[in-house]
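Below: one structure, written as structure tokens.
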Amino acid sequence: MSRQDQFVRSSMPAMSRRSFLQGALAVAGGLTVAGCSTLGAGLVGSEVAPGTVDYWDLFGGGDGVRMQQMLDHFRQTNPQLGLQAVTLQWGNPYYTKLALATVGDQPPDVAVSHLSRVPTLVSAGLLQPLEPSDLEAHGMTPDKFSQRAWEGCQVDGKTYAIPLDTHPFVLFYNTDICKKAGLLDAGNQLKPLNSPDLLIDALTKAKQASGQWGGVAAVNGDTATNWRMFQSWYAQLGGEVLKNDGTEVVLDDAKALQVLEYLKKLSVDSKLMPSSVDYQGAVALFASGKAGFYMQGEWEITTFQTAKTPFSMTLFPNVYGGDTYAVQADRHTLIVPHRSDGDQKRTDRGLTLIRSLLDQSLTWAKGGHVPAWLPVRDSADYKSLRPQSNYAAAADAAVLDPPAWYSGSGSNFEIVVGSAVATVRSGQTQPEAALKQLKQDLQVLADTPPPT
Amino acid sequence: MTTQTIPRSETVEPAAPAQRPRGQGRQAWWFLAPFLVLYALFVIGPMLYALVMSFFNSSMVRPGLGDFLGFRNYSEALSSNAFWSSLWHTIWFTILTTPPLVILAFVFALLADRMGRSRWFFRFAFFAPYVLPSAVMALIWTWIYTPAIGLASDWLTRIGVTPPVWLGDPKWAMISIAIATVWWTLGFNFVLYLAGMQDIPRDLYEAASIDGAGPMKQITSITIPMLGRTTTLVAVLQVIASLKIFDQIFIMTQGGPDFSTRPALEYIYDVSFTDLRTGYGAAVSMLFFVVVLIVSFAWLMIVRRQERSA
């Protein structure tokens, strides 16, 4: 045996013995001093702070800031109830943690969930149905919610979620560029772009006016945007992707190809939109006035307000829909994860928080979301909120992701479809090849026995 | 002075330890017991449970094991493109990182070994990134790789090279992660090599230079052969570490773009915890375990044989 090996081997135990003793001392000391500290609670599985409301969400950016304001307001108005709020990373990571915490019987009292995820959570037995009597006690009756949003929260006749908002895919436009390009009407609103040619024409004019790009929407590293864009136009054509809870792929080849060809035309063929840009890059291009249009969910409103971009917002173009408008959207809802103790007081505390958040829907609406809570949505305050109320109609034309155990906001389904659409928009793949790949990948998911 | 042959490492090996006194073995078991209990509880036990689970349609959200599937989980994995491509990503990452992490660590250790007083600084400078948590390292490199405004793109643009979309291009994403990983973990191998070099008796070099060997000859005939054991250790540890790739990729790209960097471990994570299919996830884990075992064993054999013939 050579000496360096001896060096490696002999030095290890000595070091680890010392550090083990130090570590053990530190842990023991920490437990005695802190008593019921977070660490102690974590080790023995007790509650961090009994009697408080544990709340989880997935909001970043402007939404995150507004949610903090709303939570602070709750803390002030309900000083007797403490609040432990946690923000986790959006998409699969969030729902993974939510599911694991609930399976481990340590869920938050209230959590945010996209409505498109609710059916899967219900079938996995992770949600607690909300009793009508409890809801009534907190003044949350069906007639106070936007009807379509409320209906979406019902599974087998039981209420499993409380709708907070609808967040559709929308069209942002730079008012300076569009004015220069002659795209605004007398009231400085964007003229309707209700056909494939009208949209291309508007993008061409905007490209001339901006000197760089007609419009922009994220392509790389962002499967959700690609899915939202595809789904909006595909749904306008009346297309469906999945049926029978996701066990059947019913993608319509002709309609899907029509949309994919059009998307390719916008970026690769006509170069009206960048074919290589990520989420942040797309935001930066629009914020700095290098693109006349920006396509994304309405939540980016705060970014452009902060950047002082001259902009407004309207419905995502009804390119294929004709009389029946359709647009990809999802809804934020508040859920009460299942807990084995069935503690009524805990449910009560959770519902108090939910009601408080609903009452602050106007603050939430400033972030772009269309409120589901009618006392706010029908108020004069909301109607005078511009440009947020311009696209309130999208809430009723909302097309949510098709129900399947692998679908919903930020899910495998969105990743599979969005990835394929992205390769078309970046010019890496031809529409036919992408469609073939997409159907193959979806079939694998559809054939997998559901785990719920 | 008579000519002296370089002692092979075998000649300095100490004599085999004398026979242990009787009864000491039993005492050793008592000292080992706490470890063995924890090992059985947290490693052997879960592994056996996973092996059983891999034959069932187990779900994260259903109690019990679920329906017995036989080898259906295994056949599903073996016929799944996602499984094979994630396995290839892990192996591709290993191929990309192992040679630089062994060769660069050796070269830098060699350079640092030549430094006199300031050696401590280089030892510190090369080892410092290694102590960073993976999340910190991932954040730093995500900033460096930011398209258009990031440090890497900025530098390349200044010298007139069009920078790639580091983490956004499927062709570049894994290479970018490999570069970041080399920067991050080089220090560990570097320190092992440096320790090895400092153990080489200086009189060997003295003797060699008296015999007229130049610096290059000294490296190839003294340093590299004397470091044979260290190289084996570094290479084996490195291959195993690279096969376990998960953190950086999960934080920097989450396996994207378009799954082009998703390693095998993330595939296991995704199917087990996000898709809630723990039975299938267990089957994939078992397959991956076999792959790591085979690769590590084959690698060890190759390195051992080379060392013997050297």
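Contact map, the stretch B:29-44: first residue more than 27 Å from B:Met286 (Cα to Cα) and touching a residue at least 60 places away in the same chain (Cβ under 8 Å), second residue open to solvent by 100 Å² or more (accessible area, probe 1.4 Å) and assigned to a helix (DSSP H, G or I), Cβ cut-off under 9 Å, separation 6 or more or different chains; the map is empty.
Which of the residues belonging to the stretch A:181-200 are under 15 Å from A:Leu171 (Cβ atoms) and assigned to a helix (DSSP H, G or I)? Result: A:Pro196, A:Leu198, A:Leu199, A:Ile200.
For the stretch A:308-320, check the following and say yes or no: at least one residue is out of contact with any helix residue (DSSP H, G or I) (no Cβ under 8 Å at 6 or more places or on another chain) and not assigned by TED's automatic domain parsing to the domain that holds A:Met70. Taking every residue of the stretch A:308-320 in turn, at least one turns out to be out of contact with any helix residue (DSSP H, G or I) (no Cβ under 8 Å at 6 or more places or on another chain) and not assigned by TED's automatic domain parsing to the domain that holds A:Met70.
Counting just the residues of the stretch B:191-219 that are among the β-branched types (Val, Ile, Thr) and part of a helix (DSSP H, G or I), which one comes out nearest to B:Arg114 (Cα to Cα)? Residue satisfying both the conditions and the ranking: B:Ile219.
For (1) part of a helix (DSSP H, G or I); (2) free of Cβ contacts under 8 Å to residues at least 40 places away in the same chain; (3) under 30 Å from A:Asp54 (Cβ atoms), each residue gets a yes or a no:
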residue: A:Asp341; (1), (2), (3): no, yes, yes
residue: A:Ser356; (1), (2), (3): yes, no, yes
residue: A:Ser419; (1), (2), (3): yes, no, no
residue: A:Thr423; (1), (2), (3): yes, yes, no
residue: A:Gln428; (1), (2), (3): no, yes, no
residue: A:Lys439; (1), (2), (3): yes, no, no
residue: A:Pro449; (1), (2), (3): no, yes, no
residue: A:Thr452; (1), (2), (3): no, no, yes
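Determine whether the stretch A:90-100 contains at least one residue that is more than 14 Å from every other protein chain (Cβ to nearest Cβ), out of contact with any Cys (no Cβ under 9 Å at 6 or more places or on another chain) and either free of Cβ contacts under 8 Å to residues at least 24 places away in the same chain or not hydrophobic (A, V, I, L, M, F, W, C) (or both). Checking the stretch A:90-100: not a single residue is more than 14 Å from every other protein chain (Cβ to nearest Cβ), out of contact with any Cys (no Cβ under 9 Å at 6 or more places or on another chain) and either free of Cβ contacts under 8 Å to residues at least 24 places away in the same chain or not hydrophobic (A, V, I, L, M, F, W, C) (or both). The set of residues in the stretch B:63-85 that are charged (D, E, K, R) and open to solvent by 60 Å² or more (accessible area, probe 1.4 Å) comprises B:Asp67, B:Arg72. A single member of A:Gln430, A:Gln440 is open to solvent by 40 Å² or more (accessible area, probe 1.4 Å) and away from chain B (no Cβ under 14 Å), and it is A:Gln430.
Taken over the stretch B:252-277, the residue count meeting the criterion of being part of a helix (DSSP H, G or I), in contact (Cβ under 8 Å) with a residue 24 or more places away in the chain, within 24 Å of B:Tyr74 (Cα to Cα) and more than 8 Å from chain A (Cβ to nearest Cβ) is 5. When the helices (runs of 4 or more DSSP H) confined to the stretch A:226-326 are screened for residues that are away from every other protein chain (no Cβ under 14 Å), buried (at least 17 other Cβ atoms within 10 Å of the Cβ) and not acidic (Asp, Glu), those reaching at least 2 such residues are found at A:253-264, A:301-306.
Tell me, please, whether a residue that is more than 23 Å from A:Gly408 (Cα to Cα) and either within 14 Å of chain B (Cβ to nearest Cβ) or open to solvent by less than 30 Å² (accessible area, probe 1.4 Å) (or both) can be found in the stretch A:153-170. No, every residue in the stretch A:153-170 fails to be more than 23 Å from A:Gly408 (Cα to Cα) and either within 14 Å of chain B (Cβ to nearest Cβ) or open to solvent by less than 30 Å² (accessible area, probe 1.4 Å) (or both). Looking at B:Ile249, B:Ile222, B:Ile177, B:Ile240, just one residue is part of a helix (DSSP H, G or I) and open to solvent by 20 Å² or more (accessible area, probe 1.4 Å), and that residue is B:Ile240. Residues of the stretch A:97-108 that are open to solvent by 30 Å² or more (accessible area, probe 1.4 Å) and either assigned to a helix (DSSP H, G or I) or in contact with a helix residue (DSSP H, G or I) (Cβ under 8 Å, 6 or more places away or on another chain) (or both): A:Lys97, A:Leu100, A:Val103.
Here A:Asn188 does not qualify as touching a strand residue (DSSP E or B) at 6+ places or on another chain (Cβ under 7 Å) and either within 14 Å of chain B (Cβ to nearest Cβ) or surrounded by fewer than 20 Cβ atoms within 10 Å (Cβ to Cβ) (or both). Among the residues examined, A:Ala217 does not qualify as without any contact (Cβ under 8 Å) to a residue 60 or more places away in the chain, in the same structural domain as A:Val424 (by TED's automatic domain parsing) and closer than 21 Å to A:Pro387 by Cβ.
The set of residues in the stretch A:403-427 being away from every other protein chain (no Cβ under 12 Å) and modelled with pLDDT under 90 consists of A:Ser409 alone.
Only one of these is open to solvent by 10 Å² or more (accessible area, probe 1.4 Å), among the basic types (Lys, Arg) and farther than 28 Å from B:Arg305 by Cα: B:Arg229, B:Arg277. Name it. Result of the check over B:Arg229, B:Arg277: B:Arg277. Being in contact with a helix residue (DSSP H, G or I) (Cβ under 9 Å, 6 or more places away or on another chain), within 14 Å of chain A (Cβ to nearest Cβ) and farther than 20 Å from B:Phe93 by Cα is not true of B:Ile177. Against the condition of a type in the set (A, V, I, L, M, F, W, C), within 30 Å of A:Tyr234 (Cα to Cα) and in contact (Cβ under 8 Å) with a residue 12 or more places away in the chain, how does A:Val336 come out, does it pass? For A:Val336, the condition - of a type in the set (A, V, I, L, M, F, W, C), within 30 Å of A:Tyr234 (Cα to Cα) and in contact (Cβ under 8 Å) with a residue 12 or more places away in the chain - is not met. One residue alone among A:Ala111, A:Ala85 is open to solvent by 10 Å² or more (accessible area, probe 1.4 Å), in a strand (DSSP E or B) and either more than 14 Å from every other protein chain (Cβ to nearest Cβ) or among the hydroxyl-bearing types (Ser, Thr, Tyr) (or both), and that residue is A:Ala85.
The values are calculated or read from the model by the stated rules, or taken from the named source; none is laboratory data. Model, not experiment: these values are computed from the prediction. Cβ: placed from backbone, ideal geometry, glycine included. Neighbour counts: every protein chain shown. Each accessible area value is taken on the protein alone, full model and side chains, heavy atoms only, with ligands, DNA and RNA left out. Shrake-Rupley method; radii C 1.70, N 1.55, O 1.52, S 1.80 Å.
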